[in-house]
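Take a look at the structure below.
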Amino acid sequence: MNYHKNMELPEKYKQEMAALLKEDLDDYLKAMEQKSFSCIRVNTLKISVEEFLKISPFELTPVPWCSEGFYVSSEERPGTHPYYYAGLYYIQEPSAMAPAAVLDIEEGDIVLDTCAAPGGKSTALAAKLNGTGLIVSNDISASRQNATVKNMERFGCDNSYVIAEDLNRLKDRFPAFFDKILVDAPCSGEGMFRKEPSLITSWLEKDSSFYAPLQKEILKNAWTMLKPGGKLVYSTCTFAAKEDEAVIEDLMNSFDDVLLEPSPLSCHFEKGAKEGFEACMRLYPHKLDGEGHFVALLRKKGMAEKKTASVSVKTVRHAGFEEFMKLIRDERNSSYEMIGDRIFRLPDIPFDTHGIRTLRSGLLMGTVKKDRFEPSAALALSLKAEQFTNVLNLAADDIRCEKYLRGETIRDENTKDGWVLVCTDGQPLGFGKCSSHSIKNKLEKGYRKL
């Protein structure tokens with residue numbers, strides 16, 4: 001928890017909040033001096049909430065609007081626990097869980113996260129898909145998308161593409177293509193002042209007048225890519241109506257097929273701040289245990305047919321890869337592609353990435369080194385322990401677990417020679433190579449504990 005007793009809010013900002021909140025202004029200002037909250041969101045791709053609660057090393061309190069979300073005690077350090085490296089949860093601010101929670105994903109959906117980096121909301125959407133359908137995680141910044149790649153891989157997501165493109169280009173390539181879209185737009189960040197006071201300086205340089213035109217363009221482009229009957233969530237972490245309700249209004253004035261819908265989760269939040277936009281949801285730090293957010297659920301009129309794409313299965317012929325795959329129990333008829341010296345397992349639903357800056361296509365299986373194949377941490381994190389033939393299962397408090405996560409060689413007298421899947425409490429962490437009970441660490445640096 002962070003406390004900001006001496007936070008200096010700009011006078012112009014306080015005047016704007018006074019006009020918005022009226023008699024609630026004092027409560028808001030008092031809340032800004034109070035604690036911010038730390039939370040985790042359980043990864044249901046790997047473990048059910050019920051099972052995680054049985055093994056949780058933390059004191060947890062549920063987040064009311066997210067069934068997988070839990071407040072963590074201020075004394076806890078969830079980012080250092082082996083379960084974090086196994087991808088059992090994502091560390092996320094509680095209000096930031098709301099946009100993905102509001103977007104009701106169905107299994108088999110084709111989903112777009114438009115402004116995805118660093119990938120927290122993409123992991124939530126992927127968990128809702130439960131290994132089905134397709135999620136495309138996009139952000140205009142390729143460098144920021146590196147974090148999205150790592151987070152998606154740690155979560156075990158293998159039905160995804162991570163790309164870095166301008167939506168102005170994507171809208172022409174994929175009109176009416178996606179069933180569900182999340183637009184968590186770049187904004188002035190007013191709702192995060194308490195948690196990240198440095199954003200106040202940014203606000204003084206770029207306020208709503210800078211962001212609103214960009215948000216309107218992003219939302220219109222996203223709307224073009226939404227199928228008839230599809231749903232879209234627009235969200236920001238700011239309170240400014242120019243970046244929130246006014247952006248929705250601009251979309252409605254630009255298209256005649258926009259419906260603003262109520263959400264079952266709206267009971268946890270305040271109504272929209274403009275007449276006719278009461279179905280919008282406003283999250284205020286003086287009204288709930290979280291930071292500031294705005295969320296709106298939209299539906300496109302009409303109905304699109306669900307199409308089943310026929311995929312031609314591709315195979316990769318490499319002796320080392322084929323030999324390694326015999327160690328995995330997997331009955332799926334998957335499609336593989338070699339790009340450079342790396343082998344990828346492609347999602348079942350095709351997505352044309354030609355000419356698109358693509359950071360990850362499906363699941364990185366590993367790297368080919370002449371006649372050898374080196375499996376990736378991403379592959380390990382996508383598996384269940386029972387799928388691999390040679391497993392070393394370490395308790396979370398076993399010192400060897402800590403050593404493995406730090407990249408060290410470990411020993412085990414019962415592990416057979418060859419590739420071994422190293423797990424903690426039954427959850428994969430990565431691979432090692434065993435020889436005479438000594439397990440050489442094969443966990444890539446980006447997945448190690450620093």
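The values are calculated or read from the model by the stated rules, or taken from the named source; none is laboratory data. None of these values were measured; they are calculated from a predicted model. Virtual Cβ from ideal backbone geometry, glycine too; neighbours counted across all protein chains shown. For the accessible areas, the whole protein counts, side chains as well, though only heavy atoms, and no ligand, DNA or RNA atoms are used. Shrake-Rupley method; radii C 1.70, N 1.55, O 1.52, S 1.80 Å.
Determine whether region 310-317 contains at least one residue that is among the hydroxyl-bearing types (Ser, Thr, Tyr), crowded, with 21+ Cβ neighbours inside 10 Å and without any contact (Cβ under 8 Å) to a residue 60 or more places away in the chain. Step through it out loud before you land on a result.
To start, the set of residues in region 310-317 that are among the hydroxyl-bearing types (Ser, Thr, Tyr) comprises 310, 312, 315.
Okay, now just the ones that are also crowded, with 21+ Cβ neighbours inside 10 Å, so none.
Looking through region 310-317, none of the residues is among the hydroxyl-bearing types (Ser, Thr, Tyr), crowded, with 21+ Cβ neighbours inside 10 Å and without any contact (Cβ under 8 Å) to a residue 60 or more places away in the chain.
For region 255-368, which fully contained strands (runs of 3 or more DSSP E) count at least 3 residues that are farther than 27 Å from ALA142 by Cβ?
Once the strands (runs of 3 or more DSSP E) in region 255-368 are filtered for at least 3 residues that are farther than 27 Å from ALA142 by Cβ, what remains is 258-261, 281-283, 293-300.
For PHE37, all conditions in the list (1) open to solvent by 10 Å² or more (accessible area, probe 1.4 Å); (2) over 22 Å from CYS267 (Cα atoms); (3) in a loop (DSSP other than H, G, I, E, B) hold save one; what is the number of the exception?
Checking PHE37 against (1) open to solvent by 10 Å² or more (accessible area, probe 1.4 Å); (2) over 22 Å from CYS267 (Cα atoms); (3) in a loop (DSSP other than H, G, I, E, B), the one that fails is (2).
Checking LEU204 against (1) within 26 Å of the chain's Cα centre (by Cα); (2) aliphatic (A, V, I, L, M); (3) not in a loop (DSSP other than H, G, I, E, B), only one condition comes out false. Which one?
(1)
Looking at region 195-227 only, could you name the residues that are of a type in the set (A, V, I, L, M, F, W, C), in contact with a helix residue (DSSP H, G or I) (Cβ under 7 Å, 6 or more places away or on another chain) and at pLDDT 95 or above? Give the derivation first.
We begin by selecting, within region 195-227, every residue of a type in the set (A, V, I, L, M, F, W, C); these are 199-200, 203-204, 210, 212, 214, 218-219, 222-223, 225-226.
Among the residues that remain, those that are also in contact with a helix residue (DSSP H, G or I) (Cβ under 7 Å, 6 or more places away or on another chain) are: 199, 203, 212, 218-219, 222-223, 225.
The answer is ALA212, ILE218, LEU219, ALA222, TRP223, MET225.
With a cut-off of at least 2 residues that are surrounded by fewer than 18 Cβ atoms within 10 Å (Cβ to Cβ), name the strands (runs of 3 or more DSSP E) lying wholly within region 43-121.
Fully inside region 43-121 and qualifying: 60-63.
Among strands (runs of 3 or more DSSP E) lying entirely in region 126-185, which contain 2 or more residues that are within 24 Å of TYR336 (Cβ to Cβ) and open to solvent by less than 10 Å² (accessible area, probe 1.4 Å)?
By residue number, 134-138, 160-163.
Using beta carbons and a limit of 7 Å, which pairs, at least six apart or on different chains, have the first residue in region 253-264 and of a type outside the set (A, V, I, L, M, F, W, C) and the second one open to solvent by 60 Å² or more (accessible area, probe 1.4 Å)?
Within 7 Å, the pairs are SER254/LYS220; ASP257/LYS301; GLU261/ARG299.
From the residues in region 385-413 that are in a loop (DSSP other than H, G, I, E, B) and of a type in the set (A, V, I, L, M), which one is nearest to the chain's Cα centre (by Cα)? Don't jump to the end; show me each part of the working.
Residues of region 385-413 in a loop (DSSP other than H, G, I, E, B): 389-390, 395-398, 406-409, 412-413.
When the remaining residues are screened for being of a type in the set (A, V, I, L, M), the result is 395-396.
On the way: ALA395: 27, ALA396: 25 Å.
Ranking the qualifying residues of region 385-413, first place goes to ALA396.
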